[in-house]
Amino acid sequence: PFIKIDGIAYGFDYYSLFDNIYRAIQKAIFLIKPEYVDTWSKRQNFASENMVKDLFLKLLPGATAYTGNYYPVGNSLKQMNENDLIIIYDRYLFIIEVKAGSFPQTPPINDFDAHIKAYTKLAQDADSQCSRTIKYIYEHKPAQFYEANKQKKFEIKNIAEFKEIYSFSVTVDNFNEFAAKAEKLNFITLSSKTIVISYDDLLAYENYFDSPIYFLHFLKQRK
C-alpha cells in the first residue's frame, strides 16, 4: 500500500515493498516499452553477476574472481559453453551460476505447477551448468577459459590442487525456505551437490560470518 501526500508517495510494509518493487518496476517498464526487454535482460545479467561476485569477495577477502567465462565444447572454439562466475580462494574452487528468472506472480495455491516448474528450472538448470563446467576442468589440464570473443582469459592448471569444490545456484529473487532444502525435494534432481541460495541469504551471511574460515566451515556442513 501507498499514500501520496503533497506529491510524495510513501510506501508501507517495508519488507513486502522491497521484496516486490524490482519486479513491479520491471513489469511496468515492459508494458510501456516492450522493445526494451532484451536490453533489460542483458543489463540485468551483467549487474546480477557482478553483485554476486562482489558479495563473495566480501565473504572471502583476497579471493580471485572471474565473471562471464567461456570454454569450448569438445576441442573446438566454434561452440562454447558459458559459466557465470568462478572464484578461487586459497585451495577452494567456487563454480557459480547466477539466475535472475522471476517466479510466477500468482500464489502457489492457484498455480501450483507453475511454481514447481520455476523451482525446478532455477535449481536444475544451474546444477547442470555447474556439472558441465566441473567436468570440463576435470578433463583438461590445464583447463583454459576465454572471453566471449575467444581471447584467452585464465586457466586452472589441475583440479587436484583444490581441497574442496563448491557449486552454487544464486537466485536474484528470493527462493525462500525451498532453497535450504532443494536437494531434499523429490521434484528436483541435483547431480553436483549444488547449493541453491538466494542473494538475500548471501547478504545475511556477509553480516553473520566475520571470518572466511567460519564461512568455509558452514559450506562444508551445508554440502
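The values are calculated or read from the model by the stated rules, or taken from the named source; none is laboratory data. It should be emphasised that the depicted structure is a prediction, and the values quoted were computed from it without experimental measurement. Neighbour counts run over all protein chains shown; Cβ positions are idealised from the backbone, glycine included. Heavy atoms of the whole protein, side chains included, go into the accessibility calculation; ligands, DNA and RNA do not. Shrake-Rupley method; radii C 1.70, N 1.55, O 1.52, S 1.80 Å.
Could you list, in sequence order, all residues of segment 124-176 that are in contact (Cβ under 8 Å) with a residue 24 or more places away in the chain, more than 15 Å from ILE86 (Cα to Cα) and among the charged types (D, E, K, R)?
ASP125, LYS150, GLU161, LYS163, ASP173 - these are the residues of segment 124-176 that are in contact (Cβ under 8 Å) with a residue 24 or more places away in the chain, more than 15 Å from ILE86 (Cα to Cα) and among the charged types (D, E, K, R).
Taking SER48 as meeting all but one of (1) part of a helix (DSSP H, G or I); (2) touching a strand residue (DSSP E or B) at 6+ places or on another chain (Cβ under 7 Å); (3) more than 30 Å from PHE2 (Cα to Cα), write down the number of the exception.
Evaluating SER48 over (1) part of a helix (DSSP H, G or I); (2) touching a strand residue (DSSP E or B) at 6+ places or on another chain (Cβ under 7 Å); (3) more than 30 Å from PHE2 (Cα to Cα) leaves (3) as the failure.
Please determine, by comparing only the residues of segment 150-197 that are basic (Lys, Arg) and at pLDDT 90 or above, which one is least open to solvent (accessible area, probe 1.4 Å). Give the steps one after another, and end with the answer.
Of all residues in segment 150-197, those basic (Lys, Arg) come to 150, 152-153, 157, 163, 181, 184, 193.
Then keep just the ones that are at pLDDT 90 or above; that gives 150, 152-153, 157, 163.
On the way: LYS150: 90, LYS152: 140, LYS153: 57, LYS157: 131, LYS163: 129 Å².
Looking at the filtered set, the residue picked out is LYS153.
I'd like the full set of residues that are open to solvent by less than 60 Å² (accessible area, probe 1.4 Å) and over 19 Å from the mean Cα position of the chain (by Cα), limited to segment 37-56.
Residues of segment 37-56 open to solvent by less than 60 Å² (accessible area, probe 1.4 Å): 39-41, 44, 47-50, 52-53, 55-56.
Answer for segment 37-56, where residues must be open to solvent by less than 60 Å² (accessible area, probe 1.4 Å) and over 19 Å from the mean Cα position of the chain (by Cα): just THR39.
Do the conditions hold for ALA100, that is, is it within 14 Å of the chain's Cα centre (by Cα) and hydrophobic (A, V, I, L, M, F, W, C)?
Values: within 14 Å of the chain's Cα centre (by Cα): yes; hydrophobic (A, V, I, L, M, F, W, C): yes.
The answer is yes for ALA100.
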